[in-house]
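Read-outs: derived from the displayed coordinates by stated rules, not from any lab. Quantities reported herein were computed from a predicted structural model and do not represent experimental measurements. Using ideal geometry, Cβ is built from the backbone for each residue, glycine included, and neighbour counts are taken over all protein chains shown.
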Amino acid sequence: MLDMVRSSGYRVSKYDAKMVGDVIKNRIDAQRDSMVAQVGVKFPIFVAAEENTKALLNGWGVSVTLIPSYLAFARRCVKITSIHGADIALEELCIEHDKWEARGLVSWYMQEICQAVVDTDISTCTG
């Protein structure tokens, strides 16, 4: 019977081979154009979400010390809805809401941000 568990020495040597500068450089060089094209599509979406969120927060008079956390929540909303369909996205957004609420963010603000940046109502899971 074959042993399915690989030794730590084997794992270290494989990791060491991957961390050679030329190997990493070749991988990045081969994928660079595709990577830049992908972020060229995604970055404007994140910027728009952040600008909408910041406008809402400024209107509500939210402390500048909390703005980075709300921006992070908005980015997560965008990412979640770009990965998942409606039902799963809603569940994931609710989990994200609960995580940030536990960190001190205001539920109502997050509901409004989610509605503004990804057009999703999370009020059903925030009560």
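Take every Cα pair under 8 Å in the chain that's 6+ residues apart, average their separations, divide by the length, and report that relative contact order as a whole percent.
22 percent.
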Along the stretch 119-124, Karplus-curve 3J(HN,Hα) (6.51, -1.76, 1.60; θ = phi - 60°) to the nearest Hz, with x for Gly and Pro, reads 6, 10, 8, 9, 5, 5
For the chain, what does the helix formula give at 222 nm: sum of -39500 (n - 2.57) over DSSP H segments with n ≥ 4, over the residue count, nearest 500 deg cm²/dmol? -26000 deg cm²/dmol
Other-chain or far-sequence residues with amide H under 5 Å of T120's (modelled H): Q115
On C-alpha positions alone, give me the angle between the axis of helix 86-102 and the longest principal axis of the chain, in degrees, nearest 10. 80 degrees
What's the FRET efficiency of M35 with S8 using the Cβ-Cβ distance as r and R₀ = 25 Å, to the nearest 0.05? 0.20
Given (1) -0.26, -0.78, -0.97, -1.07; (2) -0.59, -0.92, -1.00, -1.04; (3) -0.44, -0.81, -0.89, -0.95 as candidate values of log10 I(q)/I(0) by the Debye sum over Cα atoms at q = 0.09, 0.16, 0.18, 0.19 Å⁻¹, which corresponds to the one derived from the coordinates? (3)
Placing each pseudo-label 7 Å from Cα in the direction of the beta carbon, E51 and T126 end up separated by a distance in nanometres of 2.3 nm
I'd like the FRET efficiency for D16 and S82, computed as 1/(1 + (r/R0)^6) with the beta carbon distance as r and R0 of 30 Å, rounded to 0.05. 0.25
